[in-house]
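Beneath this line is the structure, given in structure tokens, with notes to follow.
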Amino acid sequence: MARIWDAGEAVAAPLVHRARQVPAHATQWHDADAFWNGLELGPPRATGTRVVLDGYAGERLRMATFRHAPHVLSFEGIAPAHRGAALLSLQLEGNATVEQYGRRSRIAQDDFCLVDLSRPFRLEFGASTVQTIYLPITALREAVPQVAMASAIGLPGDRGPVGYLRVLFREIFYRASDLTEAVASRLLDAIPHMLAAALETTDPTRLSATQLRLHYKQQARRFAREHLDDPELCAEMIARGIGLSVSYLFELFSDEDLTLMRWVRSERLTRCKRELADPALRHRGVSQIAYGWGFGDMTHFSRSFRDVYGASPRSFRQAALAHSRNIARITASHTGEE
């Protein structure tokens, strides 16, 4: 593999354009080229926004050095198959701006930044050169359980433990041509732990923990609303859908008046009530409406409905439809249409 630029050299002097060299393990470079081009939807190289200068792609470890022209990459531009991963990048030259989880950070030369590809983000590049390692979220979470707390934060490479991560990056990229699959796999396991050490330098106030909790609650509620009609909806399904553990999901809602699943039941009841009172849906049976909003047991539905609204679903519907007819008659009498 061709020699990857030393990060220290990139800081010390302007980057000089070099012709691509074919590495000793040519298949590794071609695999890396194919892997990174497949990360994004569409043909990014055809647009001239990004060039893979060199790289490595094994069974687990995937990395590359990129030259970026000014452009924007967002969640929508990532191929679905890669939305279970994160990118850890070192800015060798130029700058970038990243937005994710309610944060916006400027990434300067010699800064590290983590971007979670599984959640909405916006990454704006200036003309720059970047070293990037692809990290499966499952591997990352072993060392960094709350990935969102680490995403979209600029980590200056000259700051304490961040410097250790910088040295690791420099050596991995410099000696990539010597990698064996066994060594590469071990390195992938080590990188998240080095990142966790680097994150010890961050100011906790920058992480906006309260804002992050609100973001996660919004994500959980949005996911639940989109799946209210699924009788299989449960805390495990919601947690999996938004990338959190079940225990953390329960903890998020521990300060709410309603637990998460009681809130789900309340949302379902609200929608059932609305449809039961809708004259346009009077031909739909009560059970059809209940099943349509995820209730799998009519006895449970009727009891829950009565507890909240003080009447059975059938009685409520009769009263609501009678009221609608009275309103229609009154309106017709005033307009002379009766």
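Odds and ends about this structure:
- Expressed as a whole percent, the accessible area of the stretch 220-338 that falls on carbon and sulfur atoms is 49 (1.4 Å probe).
- A simple charge model with +1 on the Cβ of Lys and Arg, -1 on the Cβ of Asp and Glu and nothing else charged puts the dipole of the stretch 45-86 at about 20 debye relative to its Cα centre.
- Inter-label distance for Ser245 and Ser74, nm, one decimal - labels placed 7 Å from Cα along Cα-to-Cβ: 3.3 nm
- Counted residue by residue at 0.36 nm each, then reduced by the alpha carbon distance between them, the extension gain from Glu236 to Ala322 reaches 26.8 nm.
- Charge dipole of the stretch 90-196 about the Cα centre (unit charges at C-beta), most positive-ward option of Gly154, Gln100, Thr129: Gln100
The values are calculated or read from the model by the stated rules, or taken from the named source; none is laboratory data. Please read these numbers as outputs of a predicted model, since none were measured by experiment. Note that each Cβ is placed from the backbone with ideal geometry, even for glycine, and that neighbours are counted across all protein chains shown. Please note that ligands, DNA and RNA were not included when accessible areas were found on the heavy atoms of the full protein model with its side chains. Shrake-Rupley method; radii C 1.70, N 1.55, O 1.52, S 1.80 Å.
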